[in-house]
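The numbers here are math on the coordinates, done by the rules we state, and not lab data. Just so we're clear, the structure is a prediction, and the values are computed from it rather than from any experiment. Virtual Cβ from ideal backbone geometry, glycine too; neighbours counted across all protein chains shown.
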Amino acid sequence: MARLLTGKEVASSLKEKTLALRLSLNEKGIAPGLGIIRVGAQPDDLYYESNLKRNCEASGVVCFVMELPFDAAQEEVERAVTAFSNDNAVHGILMFSPLPKHLNEEKIRALINPAKDVDCLTKAQQAEVFNNNPNCFAPSTAAAVMEILKYYDIPLKGKKVAMVGRSMVVGKPLAMLLLGENATVTICHSRTADLPAETKAADIVIAAIGRAKMFTADYFRAGQVVIDVGINSDPDREGKICGDVDTAAAAEIVDAITPVPGGVGSITSALTVYNTVLAAEKVFKEGVKLV
Ligand code: NAP
């Protein structure tokens, strides 16, 4: 039976680091603050926002929320982002995405101060991820996968990784982060010719496609590590979520696997708050330009 790589311990260790750094910044007169911008009231966004608030509270990070109506005008959202970008009390900005369709999201994202872009929404921060800058803020889900691999001492150097999914929030940035750790990465997607052959050839399989339990036993072999990024409605249990991997079937074969829930998804909010404190530390060390 596979070892379960649970996210709880990883999140706890991030929270401890956040608290320690926040305390030392307080001593230097800096109170790290996270600014959240939410347009509308999507249940998923509200759920994540409450996680972020809880994480901020636990680590003593100040949390500001700008809530705008679903039909907010472009100028209103632009004003909110610019206000946080220019506010010295806000060190990290998280804006829920995608924004409602009537808004020009690209234009709005461009107003986020890159130094405060703790969830990698700007092109500047994305470029840092692709430039292999060790101090970049990668998208929280991609970064959460790296935290799990690091926490559980999963070697990456020279290992073959099948990264399934090529979105800009998960697959592509994660492939770059893995490459930065000298893994040999194969990026797979919906047109990959023989996906089971690709995943079986890998030492580490990362599933990020959004298809409930699509990765059955046929995709795995003994000795592998499986990271399941997917969050889907469980077709077999109403009201529950499941990953992209058929966990029960895969766990019979592979060495280690992340559960869903309780895996990657349980780390992201702790990571965003940690990044906020790191962004505040940068302000202390280097100063930060307002936009
Ligand atoms: P996305 O933008 O929809 O991208 C899905 C990717 O999967 C695309 O690259 C797509 O290929 C590929 N794909 C779809 N069906 C496939 C198939 N049958 N075989 C191989 N590849 C296939 O999704 P995303 O935003 O990256 O999210 C992926 C999953 O992660 C979702 O379940 C999402 O809920 C979850 N997620 C979890 C967290 C977390 O905190 N744990 C955060 C964000 C997302 P093409 O490019 O060819 O279309």
On Cα atoms only, tilt of 7-27 relative to the major axis of the chain in degrees: 20 degrees
If each DSSP helix of 4+ residues adds -39,500 (n - 2.57) and the sum is divided by the residues in the chain, what number results at 222 nm, nearest 500 deg cm²/dmol? -12500 deg cm²/dmol
For the chain, modelled as a Gaussian network with Cα springs under 10 Å, which listed residue fluctuates most, Gln224, Gln74, Gln126? Gln74
Subtracting the Cα-Cα distance of Lys282 and Asn104 from 0.36 nm times their residue separation yields 61.1 nm
Please identify which residues in the range 1-19 have an amide N closer than 16 Å to a label point set 7 Å out from the Cα of Glu252, following the Cα→Cβ vector. 1-3
What's the ranking of 199-208, 129-138 by average number of surrounding C-beta atoms within 10 Å, highest first? 199-208, 129-138
Counting other Cβ atoms within 10 Å, keep those with at most 15, restrict to DSSP loop, and tell me which chymotrypsin sites (Phe, Trp or Tyr not before Pro) in the range 51-95 are left. Phe70
Cα gyration tensor, the range 27-113 - rounded (a/c under 1.5), prolate or oblate: oblate
Hull surface divided by four, with the convex hull built on the Cα atoms of the chain: how many nm²? 15.0 nm²
What angle, in degrees between 0 and 90 and rounded to the nearest 10, separates the Cα long axis of helix 74-86 from the longest principal axis of the Cα atoms of the chain? 80 degrees
Quick one: which residues, 5 or more positions from Gly263 or on another chain, have an amide H under 5 Å from its amide H? H modelled 1.01 Å from N in the peptide plane, none for Pro or chain starts. Gly7
Tell me which lysines have Cα within less than 26 Å of Lys123's Cα, excluding those fewer than 8 residues away on the same chain? Lys101, Lys107, Lys172, Lys282, Lys285, Lys289
Prolate/oblate/rounded call for the range 218-270, Cα gyration tensor, a/c under 1.5 rounded: oblate
The range 140-266 shape via C-alpha gyration tensor axes, a/c threshold 1.5: rounded
Cysteines without a disulfide-compatible partner [the chain; Cβ-Cβ under 4.7 Å]: Cys120, Cys136, Cys188, Cys242
In the chain, which longest range has no GluC sites (Glu not before Pro) that are both DSSP loop (not H, G, I, E or B) and surrounded by at most 15 other Cβ atoms within 10 Å? 1-237
The range 1-28 to the range 179-247: how many Å between their Cα centroids? 26 Å
Checking the cross-link filter: which aspartates and glutamates have an alpha carbon closer than 20 Å to that of Lys15, excluding same-chain neighbours under 8 positions apart? Glu27, Glu49, Glu57, Asp117, Asp119, Glu147, Asp153, Glu281
Rounded tilt (10° steps) of 171-180 against the dominant C-alpha axis of the chain: 90 degrees
Net charge of Cβ neighbours under 12 Å - reference Gly263; Lys, Arg +1; Asp, Glu -1: -3
Selection from Gly180, Ala20, Val226 lying farthest towards where the dipole of the chain points positive, charges on Cβ: Gly180
In debye, nearest 20, what is the charge dipole magnitude of the chain about its Cα centre with +1 on Lys and Arg Cβ and -1 on Asp and Glu Cβ, if you could check? 560 debye
One would report the antiparallel percent of DSSP beta bridges in the chain, rounded to the nearest 5, as 5 percent
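Using packing as a proxy for protection, rank 265-272, 157-164 so that the peptide with the highest average count of other Cβ atoms within 10 Å comes first.
265-272, 157-164
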